[in-house]
1. Which residues, taken from the stretch 232-260, are farther than 19 Å from Pro278 by Cα and modelled with pLDDT of 95 or more?
2. Restrict the check to the stretch 131-143 and report whether at least one residue is in contact with a helix residue (DSSP H, G or I) (Cβ under 6 Å, 6 or more places away or on another chain) and either closer than 26 Å to Gly9 by Cβ or of a type in the set (D, E, K, R) (or both).
3. Considering the stretch 31-53 alone, what residues qualify as being surrounded by 15 or more Cβ atoms within 10 Å (Cβ to Cβ) and either in a strand (DSSP E or B) or of a type in the set (A, V, I, L, M, F, W, C) (or both)?
4. Can you confirm whether Thr89 is modelled with pLDDT of 95 or more, in contact with a helix residue (DSSP H, G or I) (Cβ under 7 Å, 6 or more places away or on another chain) and not in a loop (DSSP other than H, G, I, E, B)?
5. Show me the helices (runs of 4 or more DSSP H) entirely contained within the stretch 118-235 in which 2 or more residues are on the phi < 0 side of the Ramachandran plot and over 20 Å from the mean Cα position of the chain (by Cα).
6. Within the stretch 100-113, can one find any residue that is surrounded by 17 or more Cβ atoms within 10 Å (Cβ to Cβ), within 18 Å of the chain's Cα centre (by Cα) and within 16 Å of ligand 3 (Cβ to nearest atom)?
7. Assess whether Ala103 counts as being out of contact with any His (no Cβ under 6 Å at 6 or more places or on another chain), near ligand 1 (Cβ under 7 Å from one of its atoms) and under 22 Å from Lys167 (Cβ atoms).
8. With respect to Pro278, determine if the residue is modelled with pLDDT under 95, closer than 19 Å to Arg210 by Cα and in contact with a Pro (Cβ under 7 Å, 6 or more places away or on another chain).
Amino acid sequence: MNRILVTGGAGFLGSHLCERLLRDGHDVLCVDNFFTGSKRNVAHLHGSPFFEVMRHDVTFPLYVEVDRIFNLACPASPVHYQFDPVQTTKTSVHGAINMLGLAKRVKARILQASTSEVYGDPEVHPQPEGYWGKVNPVGIRSCYDEGKRCAETLFFDYYRQHQLDIKVVRIFNTYGPRMHPNDGRVVSNFIVQALRGEDITIYGDGSQTRSFCYVDDLIEAKVRMMETETGFTGPVNIGNPVEFTMLELAELVLKQVGGKSKLVYRPLPSDDPRQRQPDISLAKEKLGGWEPKVALEDGLRETIAYFRKLLAEGNPA
Ligand code: NAD
Ligand code: UDP
Ligand code: UDP
C-alpha cells in the first residue's frame, strides 16, 4: 500500500484516479480547492477508511507525508482556465514548484498531468513527444499552454538538478462521466445540448479534428506510467489516436440521444488547433502494450447516461 497524493482529485480525471487507486488498495489523499472540481465527484469514496479530502490551493505550500504524487490540479477547459488566467498560470507554475518541493523533501515519486496543448497548433501530425510545438506565448490560451510547458520544464530541472523521480504524461482530449456539464468542452456541450433538445453549436465549419480518449483508458495509462522503472521520465503521450471531425462527433451524439436538435455554426475561437492526434508508439512500448480499448460509440453511451441522470436530478453543476 502506498500513500498517494492526488492534487485536483475532486475533478473529472482526479476523481476517477482516486477511485482506481483506492480499488488497488492504496491510501489516497485528495487535495483540491474545488474551483472546477466538486465534493459530489468524490462523495461515493468516503466509505473507504483510506480516503481523505483536503481543501487546499496548490499555489500555497503543502506539508504532508506521501510516497507518490499525481499532480492534476489545474482547470482544464478554456472556459475555466480563461476565467482567471493569472491564477491558471500560478496553479501550473507555483503548483508544480510546491509539489516538486514536497516530492524532494519526502523523496516521493511525482507524476505531472501535462497536456497535448504543449504542442499548440501543431505543424507535425500526429504529434510525437519529440515535437516541440507551436504555441502562441501571448494569446488567450497561453496561460494554460505556457503554464503547462513551464511546469514540464520545472519537472525536468528538478530531475536533473535534484535527481527527483519524475514522470510526465501529455494527456490528449479525454471524456467520460463527471466531466463538468458547463465547461464548454465539445463532448459535454454536444451531449448536454442534445439532451436538452437545444441546437448543437459547431465552432467554425466543424472540419477540425480531435481524438477522444475514454477516461478509463486514460487512468489505466496513468497508473501504469507511475509504476514504470526509475529513470524513465517521459514525456509520454496518452490518448486515443482515432481522429474525428467535430461534425462526425455531433452526428454520433445525435444518433445516440435522438431528439430534434439542429446544427448551428458559430465562430471558431482564436488559436483553436485545426487537428490533433497523439502518436502513442512510446506509450505502447513503455506502458506494457497499453492502448485505448473503449470505442467512441461505447464511451459516449456511458457519458450520455451520466449526463441524462445529472440533468434529470436537476443538477447541472
Ligand atoms: P478538472 O477541471 O475537472 O479538474 C481539475 C481539478 O483541479 C479540479 O478539481 C479543480 O478544482 C482543481 N484545481 C484547480 N486549481 C487548483 C488549485 N490552485 N489548487 C488545488 N486544486 C485546484 O479537469 P480534468 O479534466 O480532470 O483535468 C485534470 C488534469 O488533467 C489537469 O491538470 C488538466 O490540465 C489535465 N488534462 C486534462 C485533459 C482532459 O481532456 N480532460 C487533457 C489534457 C490535460
Ligand atoms: N514545499 C512544500 N512542501 C514541502 C516542501 C516544500 O510545499 O514539503 C514548497 C515550498 O513552498 C518551497 C517549494 O516547495 O518554496 C520548493 O521547494 P524547494 O525545496 O525546491 O525550494 P526552496 O524551499 O529552497 O525554495
Ligand atoms: N467545439 C465546438 N463546439 C462546442 C465546443 C467546442 O465545435 O460547443 C470545438 C472547438 O472549437 C474545438 C473542438 O471542438 O475545435 C474541441 O474543443 P474542446 O474545448 O473540447 O477541446 P480543445 O480545443 O481544448 O481540444
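1. Phe232, Leu247, Ala250, Glu251, Leu252, Val253, Leu254, Lys255, Gln256, Val257
2. Yes, the stretch 131-143 contains at least one residue that is in contact with a helix residue (DSSP H, G or I) (Cβ under 6 Å, 6 or more places away or on another chain) and either closer than 26 Å to Gly9 by Cβ or of a type in the set (D, E, K, R) (or both).
3. Result: Val31, Asp32, Phe35, Val42, Leu45, Phe50, Phe51, Glu52, Val53.
4. So Thr89 passes the test.
5. 142-162, 186-196
6. Yes, there is a match, as at least one residue in the stretch 100-113 is surrounded by 17 or more Cβ atoms within 10 Å (Cβ to Cβ), within 18 Å of the chain's Cα centre (by Cα) and within 16 Å of ligand 3 (Cβ to nearest atom).
7. No; evaluated as a whole, the condition is false for this residue.
8. yes
The values are calculated or read from the model by the stated rules, or taken from the named source; none is laboratory data. Everything quoted here is computed from the prediction, not taken from an experiment. Every residue, glycine among them, receives a Cβ derived from its backbone with ideal geometry; neighbour counts consider all protein chains shown.
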